[in-house]
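The values are calculated or read from the model by the stated rules, or taken from the named source; none is laboratory data. This one's a predicted model, so the numbers in the text were calculated from it and none came from an experiment. So basically every Cβ, Gly included, is an ideal-geometry build from the backbone, and we count neighbours across all protein chains shown. All accessible areas refer to the heavy atoms of the entire protein, side chains included, with ligands and DNA or RNA removed. Shrake-Rupley method; radii C 1.70, N 1.55, O 1.52, S 1.80 Å.
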Amino acid sequence: MSGSWRTNDTVAYDKMQERHTMLTHLLVNTARSTTDPDNAASIRAEMIRWKDDTLAVDGYDRQAIDTHAARIESRIQELSAQAI
């Protein structure tokens, strides 16, 4: 733990949560659009992993927030590129 929250830390944490919501939306759409039941199950398992990983981020650890947010953003970009 790195100490008390600063306003910008709170904003960063909220932004990470918002991007996680977007990632979940994209994964749900991907799971719904696939015709392969095994692929759909794999995507649902990925959603669970992302949720667990996001909940595990220490809200007082700005580096952990930024690192996880970057991972989320990278996955969003991958899914967005597949949709095109």
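A few remarks follow.
- On the chain, 53 percent of the accessible area sits on carbon and sulfur atoms, based on a 1.4 Å probe.
- Summing charges over all other residues whose Cβ lies under 12 Å from the Cβ of Asp9, with Lys and Arg as +1 and Asp and Glu as -1, gives -1.
- In a simple Cβ point-charge model (Lys, Arg +1; Asp, Glu -1; nothing else charged), the chain has a dipole of about 140 debye relative to its Cα centre.
- Environment charge at Thr67 (Cβ cut-off 12 Å; Lys +1, Arg +1, Asp -1, Glu -1): -3
- Directionally averaged projected area (convex hull, Cα atoms, the chain), nm²: 5.5
- Computed FRET value (nearest 0.05) for Arg6 with Asn39, which takes r as the C-beta separation and R₀ as 35 Å: 0.25
- Per residue, the accessible area of the chain comes to 66 Å², computed with a 1.4 Å probe over protein heavy atoms only.
- For the chain, the longest principal axis of the Cα atoms and the long axis of helix 7-33 meet at an angle of about 10 degrees.
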